[in-house]
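The structure under discussion appears below in the form of structure tokens.
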Amino acid sequence: MSLPLLAKPEVAKPTPPRPEGITVLGGFALLAGIMLLFAGISLALPSYPRWDYGPGLIGFWIILGFGYVGLPQFLPTVFLPMIVMLAILYLAAGIGFFSGRRWAWTLGITLAFVGIASSILQTITWTQQGDEFFAVPGLSVAVWVLVYLTRPLARNFFFKRR
């Protein structure tokens with residue numbers, strides 16, 4: 001004779017699967033962190049008589065693509081430490097995106113706003129010098145990240161997880 005079961009067994013709630021966009025975003029964040037770290041190191045190396053003959057040119061093109069070239073005009077003394085700090089933050093955001101942490105969502109939104117602001121600043125400062133809009137790739141990616149992270153699918157992944 002068996003006893004009647006009065007209490008339902010506790011079943012763990014399944015965690016929602018990670019959306020593919022979050023996986024892609026985490027990979028891009030890790031890649032961006034590695035590239036910015038490389039750019040910061042290459043710009044910090046002693047250069048040739050002209051900076052555009054050595055590895056500094058590669059770092060300059062990386063920073064130009066991200067839209068951070070307009071910042072040295074306003075923050076010349078802290079530009080290289082700021083690039084290295086941004087690289088570390090991008091690496092942390094990539095790791096947080098893969099693990100689905102709430103702080104990674106906040107960090108991703110913050111980095112997107114920083115990218116938008118610096119791309120707009122670069123566009124303003126470089127068009128006054130007669131150059132073209134080199135900040136368009138960085139601006140478009142930052143806007144895409146901001147829009148994607150505010151969508152319900154991505155937001156629910158980070159906030160309804162626990």
(request) Can you tell me which residue within the stretch 88-103, out of those that are among the small types (Gly, Ala, Ser) and at pLDDT 95 or above, is farthest from Gly67 (Cα to Cα)? (result) Gly96
(message) Given the criteria among the hydrophobic types (A, V, I, L, M, F, W, C) and assigned to a helix (DSSP H, G or I), does Val69 qualify?
(response) no
(request) Could you please give the count of residues in the stretch 17-27 that are farther than 14 Å from Ala92 by Cβ and in a helix (DSSP H, G or I)? (result) 6
(request) Give the residues of the stretch 104-150 that are buried (at least 21 other Cβ atoms within 10 Å of the Cβ), more than 17 Å from Ile62 (Cβ to Cβ) and modelled with pLDDT under 85, sorted by residue number. (result) none
(message) I'd like the full set of residues that are surrounded by fewer than 19 Cβ atoms within 10 Å (Cβ to Cβ), more than 17 Å from Leu121 (Cα to Cα) and either among the polar types (S, T, N, Q) or touching a helix residue (DSSP H, G or I) at 6+ places or on another chain (Cβ under 6 Å) (or both), limited to the stretch 61-90.
(response) Thr77, Leu80, Val84
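The values are calculated or read from the model by the stated rules, or taken from the named source; none is laboratory data. Remember, predicted model here, so these are calculated numbers, not experimental data. Neighbour counts run over all protein chains shown; Cβ positions are idealised from the backbone, glycine included.
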